[in-house]
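Visitor: This structure is in structure tokens; I'll ask about it shortly.
All of the numbers you see were taken from the coordinates with simple rules; none came from a lab. Since we're looking at a predicted model, the values are computed, not measured. Cβ placement follows ideal geometry from the backbone for every residue including glycine, while neighbour counts extend to all protein chains displayed.
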Ligand code: SAH
């Protein structure tokens, strides 16, 4: 091991920073976050750095470095672009036995800055010993993505109960087992979901020896339109901890693959004419599984609250007092529009956008057509393929020009994405010509023209 990682208590301690530029500022920010008092010496010091120095209760010395500046400092940072000066600072510090860091010169350092994941009070430091800082940063980025931002709150929870637990279990092993259960079970889930009071109540009950409630939890998770890269961190985290996954046809196989390997997967169908499991049975199934103590992910295409019946499913859960969380997803409109190069609003073309269901009840025309034809408005039809001839003819009949540009986006955001553009007049014809099938999104409005300039994503796409 080239460097021993130690965490340094700098509260109220004087730290010398030599240099007044951008790099000095970056290091000073970290030092100030850790409560250090900054002494910065440089002929010129930027405004932001000056403010930081003031806030830290420190001092700015507007001249070149002098050895005397080291006096009283517990840590020295050389952050200038003057190599001989950096080397001088390093030598002076070492001579006095004070830890020194020279930015971007590992050989001159007695201490180095790691890449940091800050979930205070939990802090993770990663270092490559100065050999490959980019590698350390990449690892850091990975950790940032899978450790929830509120993870540090678990440490706070533990701190509040530490004494009680210590009294209860004088034996270290028992204590460790107790905390392992807490940090990986429903108590941690509550805390991470922002329900601190409930987490405390459950932890107290556990300490008091009450048997844990058998109730599991349901996560209603938006899986986005298809590209697995469009999942949120939270969706992925919950998918990887759930015991059971209920999914329907809109959820791409590549996304399902990201669920925990040993989780039970239950297919519940749900597509036009393929109601493998009727909605009320799905609602019921969620309740039954949760009551067995399972953590259940209900995975939905796009966003669960946009034409996803997510509301109905959690109404049932709420009625049974089952805890649930809702994780938004990228809805088909956002995903498909972005991947087709069609901005849904634009200062010159559309001041508003409307998400409309094209699933016409019994083939009748029960949409508010008059509202849908107002100008400078983009319309996005979900489930609009079957009703498309009616949709186009009604829009034209109620006053939207037959020349209005329109697009069909099939399997948007996936490698199978196909995009066809035309007008309200010929859109139904394009469906037949190109054998367009579900899932397909329909976008109507002048913004569709922008695709000519803005298309960027090459799936198996075609444009007409
Ligand atoms: N909750 C989902 C929508 C469910 S309704 C969401 O927020 O996206 C189902 C309809 O969504 C489909 O009929 C289709 O119109 C649209 N859709 C969903 N995913 C799509 C995709 N990848 N490409 C094109 N359309 C999609």
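Visitor: Please figure out what share of the DSSP beta bridges in the chain is antiparallel and state it in percent, rounded to the nearest 5.
Guide: 35 percent
Visitor: Report P(r) for the chain: all Cα-Cα distances, bin width 10 Å, range 0 to the bin holding the largest distance, values in whole percent.
Guide: 4, 16, 18, 17, 17, 15, 9, 3, 0
Visitor: Round to the nearest 10 and give me the degree value, 0 to 90, for the angle of helix 388-397's Cα axis relative to the longest principal axis of the chain.
Guide: 80 degrees
Visitor: Another question, if that's okay. Taking square-rooted eigenvalues a ≥ b ≥ c of the alpha carbon gyration tensor, is region 79-168 rounded, prolate or oblate, where a/c under 1.5 means rounded and, failing that, a/b exceeding b/c means prolate?
Guide: Oblate, because a/c is 1.5 or more while a/b does not exceed b/c.
Visitor: May I pose another question? So what's the angle, to the nearest 10 degrees on a 0 to 90 scale, between helix 83-96 and the longest Cα principal axis of the chain?
Guide: That helix lies at roughly 60 degrees to the long axis.
Visitor: Give me the extension gain from residue 208 to residue 158: residue separation times 0.36 nm, minus the current Cα-Cα distance, reported in nm with one decimal.
Guide: Result for the pair: 16.4 nm of gain on full extension.
Visitor: Separate question: Only Cα pairs under 8 Å and at least 6 apart count here; give the relative contact order of region 263-379 as a rounded whole percent.
Guide: With pairs under 8 Å counted, the relative contact order is 17 percent.
Visitor: Extension gain residue 201-residue 54, at 0.36 nm per residue separation less the Cα-Cα distance, in nm?
Guide: Result for the pair: 48.7 nm of gain on full extension.
Visitor: Given points 7 Å out from each Cα along the Cα-Cβ axis, report the residue 386 to residue 437 separation in nanometres with one decimal.
Guide: Result: 1.5 nm between the two label points.
Visitor: So, one more: Gap in Å between the Cα centre of region 39-104 and the Cα centre of region 330-354?
Guide: Here the two parts' Cα centres lie 51 Å apart.
Visitor: When the helices in the chain are scored as -39500 (n - 2.57) per DSSP H run of 4 or longer and the sum is shared across all residues, what 222 nm value do you end up with, to the nearest 500 deg cm²/dmol?
Guide: So the calculated ellipticity at 222 nm is -10500 deg cm²/dmol.
Visitor: Tell me whether region 337-454 comes out rounded, prolate or oblate; compute the Cα gyration tensor, take square roots of the eigenvalues as a ≥ b ≥ c, and use a/c under 1.5 as the rounded threshold.
Guide: Values: a/c = 1.58, a/b = 1.08, b/c = 1.47.
Because a/c hits 1.5 or more and a/b fails to exceed b/c, region 337-454 counts as oblate.
Visitor: In nm, give the distance between the simple-model label positions of residue 74 and residue 87, each being 7 Å from the Cα along the Cα-to-Cβ direction.
Guide: Once both label points are built, they end up 3.1 nm from each other.
Visitor: Still on this structure, I have one more. Once you keep just the Cα pairs under 8 angstrom separated by 6 or more residues, what percentage relative contact order results for region 151-207?
Guide: Across region 151-207, relative contact order equals 38 percent.
Visitor: Would you work out if region 151-207 is rounded, prolate or oblate? Take a ≥ b ≥ c from the square roots of the eigenvalues of the alpha-carbon gyration tensor; rounded if a/c is under 1.5, else prolate when a/b is larger than b/c, oblate otherwise.
Guide: prolate
Visitor: How much length is gained if the chain between residue 364 and residue 376 is pulled fully straight, taking 0.36 nm per residue apart and subtracting their Cα-Cα distance, in nm to one decimal?
Guide: 1.7 nm
Visitor: Right, next: For region 127-250, divide the Cα radius of gyration by the Kirkwood radius and give the resulting Rg/Rh value with two decimals.
Guide: Numbers: Rg = 18.1 Å, Rh = 17.1 Å.
In region 127-250, Rg relative to Rh is 1.06.
Visitor: If you fit an axis through the alpha-carbon atoms of helix 279-291 and take the longest principal axis of the Cα set of the chain, what angle between them do you get, 0 to 90°, nearest 10?
Guide: Computed tilt is about 30 degrees.
Visitor: Over region 14-113, what is the relative contact order in whole percent, taking alpha-carbon pairs under 8 Å and six or more residues apart?
Guide: Relative CO of region 14-113 lands at 27 percent.
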